[in-house]
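K.L.:
So that we are looking at the same thing, I have put the structure below in structure tokens.
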Amino acid sequence: QLQLVESGGGLVQPGGSLRLSCAASEFTLNYYAIGWFRQAPGKEREGVSCISSSGGSTNYADSVKGRFTISRDNAKNTVYLQMNSLKPEDTAVYHCAARMGLCTRFGADFGRWGQGTQVTVSS
């Protein structure tokens, strides 16, 4: 099975909210920083947010600050991305990824990836 599985994507109107989940299988997330990345058609992959292994440190891209919140529940082996006040430009495939180290904004630093979940913000 996939090591990371995203869920929670879908179609939402501008201003709406979605909560994405990133669940691990076959390994424990406790030791890993988890990042969320997104890629829209015609655009480069963007680092959206990252949370440290302990949950004590979080990072956000400027484009989502104040709207998105990353959190984790290590007991459930799951990381969440709460997305509020969604905009059409948030439309993308969202992936979570794991690395055994500090948070970075670069996908190349992450070795474990989920399959992605589609988020579409449209009226």
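Read the figures in this text as sums done on the coordinates, not as results from a lab. The shown structure was predicted, so the numbers you read here are calculated from the model rather than taken from an experiment. FYI the Cβ positions are ideal-geometry reconstructions off the backbone, even for glycines, and counts take in every protein chain you see.
K.L.:
Given springs between every Cα pair under 10 Å in a Gaussian network model of the chain, which of 24, 108, 92 has the largest fluctuation?
P.N.:
Sorting by GNM fluctuation, first place goes to 108.
K.L.:
Still on this structure: Length gain on complete extension for the stretch residue 118 to residue 61, per 0.36 nm per residue less the alpha carbon to alpha carbon distance? Walk me through the numbers before you get to the answer.
P.N.:
Values: separation 57, 0.36 × 57 = 20.52 nm, distance 1.89 nm.
Length gained, residue 118 through residue 61: 18.6 nm.
K.L.:
Which loop trypsin sites (Lys or Arg not before Pro) in the stretch 10-106, with loop taken from DSSP, have no more than 16 other Cβ atoms within 10 angstrom of their Cβ?
P.N.:
For trypsin sites (Lys or Arg not before Pro) across the stretch 10-106 that sit outside H, G, I, E and B with at most 16 neighbouring Cβ atoms in 10 Å, the list reads 43, 45, 65, 67, 105.
K.L.:
Just in the stretch 1-87: which GluC sites (Glu not before Pro) are loop by DSSP and have at most 11 other Cβ atoms within 10 Å?
P.N.:
Qualifying residues, ordered by number: 26, 44.
K.L.:
Just to be sure I understand: with springs between alpha-carbon atoms less than 10 Å apart, which residue in 31, 94, 60 has the highest mean-square fluctuation in the Gaussian network model of the chain?
P.N.:
Taking springs between Cα atoms under 10 Å, the residue moving most is 31.
K.L.:
Considering the dipole of the chain built from charges on the beta carbon (Lys and Arg +1, Asp and Glu -1) around the Cα centre, which of 98, 35, 70 is farthest to its positive end?
P.N.:
Farthest along the dipole direction, towards plus: 70.
K.L.:
Let me ask something additional. What length, rounded to one decimal in nm, is gained on full extension from residue 45 through to residue 84, with 0.36 nm per residue of separation minus their alpha-carbon distance?
P.N.:
12.0 nm
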